[in-house]
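This report concerns only the one structure given below.
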Amino acid sequence: MERNELLNEFKTLLRPYVTDKEVLEDFDEQTHLTNDLHINSAHVIDVVLDVENAFDILIDDASFEKITTVGSCIDLIIEKTAEKLQ
């Protein structure tokens, strides 16, 4: 899956957790999940669970700590998907 496709898929996963949907229209890889999208920490956990289910990957605690921006999430999806293929 191309990075841009992952970005669009991730946007779909984020939609239920973002109250201001307009923010999603202008988001990019630098967009911070809590600061820019105002997703609270409990919902970040829900996002991670949704990502695990959508991409059939497992995100461990150490990897969870890296999740801050949209780009870091995309990087993690790519990394975990590649690990699964090995």
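The values are calculated or read from the model by the stated rules, or taken from the named source; none is laboratory data. Everything numeric in this text was worked out from a predicted model, so none of it was measured. Because the Cβ atoms are built from the backbone with ideal geometry, glycine has one as well, and the counts that use them run over all protein chains shown. Heads up: the accessible areas ignore ligands, DNA and RNA and are worked out on the full protein's heavy atoms, side chains in. Shrake-Rupley method; radii C 1.70, N 1.55, O 1.52, S 1.80 Å.
Counting Lys and Arg as +1 and Asp and Glu as -1, what is the net charge of the other residues whose Cβ lies under 11 Å from the Cβ of Glu29?
Charge balance near Glu29 sits at -1.
Any idea of the accessible area per residue across the chain, 1.4 Å probe, to the nearest Å²?
Accessible area per residue: 62 Å².
For segment 1-81, which GluC sites (Glu not before Pro) are in a loop by DSSP, counting at most 13 other Cβ atoms within 10 Å?
Answer in residue order: Glu2, Glu65.
On the protein heavy atoms, probe 1.4 angstrom, tell me the percent of accessible surface of the chain carried by carbon and sulfur.
49
Please report the relative contact order for the chain, taking Cα pairs under 8 Å with a sequence separation of at least 6, and give it as a percent rounded to a whole number.
Relative contact order, the chain: 32 percent.
Please sort by residue number the trypsin sites (Lys or Arg not before Pro) in segment 14-86 whose DSSP state is loop and whose Cβ has at most 16 other Cβ atoms within 10 Å.
Of the trypsin sites (Lys or Arg not before Pro), the ones in loops of segment 14-86 whose Cβ has at most 16 other Cβ atoms within 10 Å are Lys66.
Around Thr69, which amide H atoms from residues at least 5 apart in sequence, or from another chain, sit under 5 Å from its own amide H, with H modelled in the peptide plane?
Excluding prolines and chain starts, which carry no amide H, the hits are Leu33.
Using only the alpha-carbon atoms, how far is helix 3-14 inclined from the longest principal axis of the chain? Give it as 0 to 90 degrees, nearest 10.
Roughly 60 degrees, rounded to the nearest 10.
If amide hydrogens are placed 1.01 Å from N in the peptide plane, which non-local residues have theirs closer than 5 Å to the one on Ile39?
Thr34
Which one is right for this structure if Rg/Rh (Cα atoms, Kirkwood Rh) is calculated from it: [x] 0.93; [y] 1.14; [z] 1.07?
It is the value labelled [x].
Placing +1 at every Lys and Arg Cβ and -1 at every Asp and Glu Cβ, with all other atoms neutral, what dipole size does the chain have around its Cα centre, in debye to the nearest 20?
It comes to approximately 100 debye.
For the chain, find the longest principal axis of its Cα atoms and tell me its angle to the long axis of helix 70-85, 0 to 90°, nearest 10.
Result, in degrees: 20.
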